[in-house]
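The values are calculated or read from the model by the stated rules, or taken from the named source; none is laboratory data. All values reported here derive from a predicted model rather than from experimental measurement. A quick note on method: Cβ atoms are made from the backbone with ideal geometry, for glycine too, and the neighbour counts reach across all protein chains shown.
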Amino acid sequence: MPHKLPDPQYVKENYQYMTLSKKLEENIYIFQVLLKGNNDIVFRQISIGDKKVKAFLVYVDGMVDKLLITRNILEPIMIETRKLNKIIYTNDQLFNYINEYFITTSEVNVKDKIGDIIDDLLSGETILLIDGVEKALIISTKGWEGRNIAESTTESYVRGPKESFVETLRINTSMLRRRIKHPDFVIENIKIGKYSKTDVSIAYVKSIADDTVVQEVKKRLKKVQIDGVIDSGYLEEFIEDNPFSPFPQIAHSEKPDKVTAEILEGKVAILVDGSPFVLIVPAVFVQFFQAAEDYYERYFLSSALRILRIAAMFIALLFPSIYIAETTFHQEMIPTQLAISIAAQREGVPFPALLEALFMEITFEILREAGIRLPMQVGQAVSIVGGLVVGQAAVQAGLVSPAMVIVVAMTGIASFSIPAYNVAITFRLLRFIIMIAAGTLGFFGIIMVVMMILAHMASLESFGVPYLSPLTPSRTQELSDVLIRIPWWAKILRPRTVQRKNIMRQEDTRG
């Protein structure tokens, strides 16, 4: 009597809980039901040894190294297993022989749950099923094409390592492992996404990172229930403390040297397969103004550049608002000669300073966005030439004053000096709110909005760490790496703000 195969609908609904059958025919049937319509799935039926034991090979075309399958799987089990013809063996023994002596790939696992086997198959592994055996060999044969390691296009350095992360998770973890050669450096893996089953890695040094932060990261990631994770930005919105704040509470980078430095300070890195951007937690506000290059150049040069960067932050946030407030409400604060010059320029302008500034700022933002979205060769020309043409045309048409064009241009250039793109966007949005407050209430409006922003920032936390630390709560020792950077030989301690387990970075050898 022929063996009755399970109902296809039952298989589709319950395969995650089913185990393999001893009958190869039933196992093949289940795989064909689950993978029906997938033309990239390769099914290969083979015979093993002189006894012609039936076996079945399954893999995804395009996700495996076919040469590896031929040399390390098919040739040994189809040809070399003939040497077993003088040995009396069962199918289970044959399965063990093949696993231990014939498969010559670097990694082989044994599983019996169909759900786990399907997940491995769709991740690029090759599956070997043998008749009469309720287990499968999961053979590592991943070999898809990917982008080579290249220089970063979003974080450029004059001095420092040039390589950046790519979209392949294991290449990214290897770049971190190459820089931290210590057994305490841990990389843990989880899968997130109902359909994508995206591999996510958590990297930290267990003798440095705060245990509570590590556990909180794992807890928040395990709570994520979503169809698929395409980029690390998906997870960022799920795990940040305050999702309604305009300020980023999680840092990201595509530079392995920068991520390594953060890990060695006690932070946790989150790597997502398919994304070159690695998340770093916890994050504090001041780190978004610290470029990795600050730590590669000599400390007094880095300190001068950091001070310049902080000044650019204030210009990007407040310069248009101060101009609007002074020309609209507080003309007495402007030097006489400058006031006369600005008044002469604005004589034919039909709009108040607020509308004038809003028009120019919105135009500048549109040009900047167009320059980013267009192809690289065209985008730069559009953003530069467009800005010049529109600004000059607006002045000649009498819509804006030359002084306003200068103010908007200075503001835009200053915003480019902020190393973190996500913080620069936040300031661009807040600038409009402060401009409206300046145009309606003058300096009082500016101060009121700035105080509200500071109060909001003071209320934020990132994985239990105050967002404005070490400024508030103040930590004197850590202020040496905020506005300025002290020399490396003086950086004896790690930041207490992030962790308190192992604060000694190095021994003081100066004495």
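Key figures
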| item | result |
| --- | --- |
| Residue ID - farthest from G124 (Cα to Cα), chosen from residues in the stretch 26-76 that are of a type in the set (A, V, I, L, M) and in a loop (DSSP other than H, G, I, E, B) | L35 |
| Subset of the stretch 133-158 [modelled with pLDDT of 80 or more, more than 24 Å from N422 (Cβ to Cβ) and of a type in the set (D, E, K, R)] | E134, K135, K142 |
| Among the residues listed as S415, S459, S474, the single one being closer than 18 Å to P246 by Cα and surrounded by fewer than 14 Cβ atoms within 10 Å (Cβ to Cβ) | S459 |
| Unmet criterion (only one of (1) surrounded by 14 or more Cβ atoms within 10 Å (Cβ to Cβ); (2) farther than 25 Å from F247 by Cα; (3) touching a residue at least 40 places away in the same chain (Cβ under 8 Å); (4) not aliphatic (A, V, I, L, M)) for W488 | (1) |
| Contacts under 6 angstrom Cβ, first residue in the stretch 394-411 being assigned by TED's automatic domain parsing to the domain that holds T363, partner assigned to a loop (DSSP other than H, G, I, E, B), 6 or more apart | A394/V400; G398/G348; S401/R346; S401/V349 |
| Test result for T212, β-branched (V, I, T), loosely packed, with under 15 Cβ neighbours inside 10 Å and in a loop (DSSP other than H, G, I, E, B) | no |
| Where a residue in the stretch 53-70 is over 23 Å from D92 (Cα atoms) and its partner, wherever it lies, is crowded, with 21+ Cβ neighbours inside 10 Å, with Cβ under 7 Å and at least six apart | V60/L121; V64/T126; V64/T141; D65/T141; L68/T141 |
| Residue under evaluation S469, criteria (1) in a loop (DSSP other than H, G, I, E, B); (2) without any contact (Cβ under 8 Å) to a residue 40 or more places away in the chain, criterion not met | (2) |
| Only listed residue being within 18 Å of L264 (Cβ to Cβ), hydrophobic (A, V, I, L, M, F, W, C) and either in contact with a Lys or Arg (Cβ under 8 Å, 6 or more places away or on another chain) or surrounded by fewer than 16 Cβ atoms within 10 Å (Cβ to Cβ) (or both), chosen from M504, M448, M452 | M504 |
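Every residue, every condition in (1) within 30 Å of the chain's Cα centre (by Cα); (2) part of a strand (DSSP E or B); (3) surrounded by 18 or more Cβ atoms within 10 Å (Cβ to Cβ), yes or no:
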site: N99; (1), (2), (3): no, no, no
site: R147; (1), (2), (3): yes, no, no
site: P161; (1), (2), (3): yes, no, no
site: N172; (1), (2), (3): yes, no, yes
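The rows are residues; the columns are (1) over 45 Å from the mean Cα position of the chain (by Cα); (2) closer than 26 Å to Q396 by Cβ.
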site: T328; (1), (2): no, yes
site: P335; (1), (2): yes, no
site: L338; (1), (2): yes, yes
site: E347; (1), (2): yes, yes
site: F359; (1), (2): no, yes
site: I362; (1), (2): no, yes
site: L367; (1), (2): no, yes
site: R373; (1), (2): no, no
